[in-house]
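As structure tokens, the structure follows; a few thoughts come after it.
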Amino acid sequence: MPRRLALAVLAAAIAVGALVALAPAPVSGSGGTFDFVGTWTGDYRYPLGTDEVVDATETLVIERQEGRLVWGADEYTDAGQLVRIPVRGSIDADGRGFAISEESGFFLGDVLGRDKVRVRFVRTDDQFTSFEVVLRRQ
């Protein structure tokens, strides 16, 4: 019986080790924190309240970073006019995720690489909607 238990513990340790090895490593800049400063852009689709689907381009501009804290703007075009909304947020302690808020919504995201992140945006005002997009640093 002790031998079976030892084999089970060894198998569990190998399985956990394999999962840890497969997890993406944080992509860091100076100081070990993900370097988020830059202009991030990607195309996406989102649903309107009228059952219409809209194609759009998201631009997230991170202008300043202090450690894991970030400031910038959410930029998009609406009826031919550039809309620029201030944003602030933070990078997760493990460097693999982040959250960024603005006046009427928020982004939750994952770092996919040095120049690639995936975000889900949730708009919470009377024009509520949501979309997911992969953004690339320009």
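Summary of values
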{"read-out": "Residue-by-residue Karplus 3J(HN,Hα) for the stretch 44-50, coefficients 6.51, -1.76, 1.60, Hz, glycine and proline x", "value": "8, 10, 9, x, 8, x, 8"}
{"read-out": "Chymotrypsin sites (Phe, Trp or Tyr not before Pro) lying in DSSP loop within the stretch 43-138, provided at most 14 other Cβ fall within 10 Å", "value": "Phe128"}
{"read-out": "Projected-area mean, the stretch 30-137, by convex hull of Cα positions, square nanometres", "value": "6.5 nm²"}
{"read-out": "At R0 = 35 Å, FRET efficiency that the Cβ-Cβ distance of Glu63 and Phe131 yields, to 0.05", "value": "0.95"}
{"read-out": "In the stretch 62-130, GluC sites (Glu not before Pro) in a DSSP loop with at most 16 other beta-carbon atoms within 10 Å", "value": "Glu103"}
{"read-out": "The stretch 68-138: trypsin sites (Lys or Arg not before Pro) in DSSP loop, at most 15 other beta carbons within 10 Å", "value": "Arg114"}
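Coordinate-derived values only; no laboratory data. This structure is a prediction, so every number in the text was calculated from the model and none was measured. Here the Cβ is made from the backbone with ideal geometry for all residues, glycine too, and neighbour counts use every protein chain on show.
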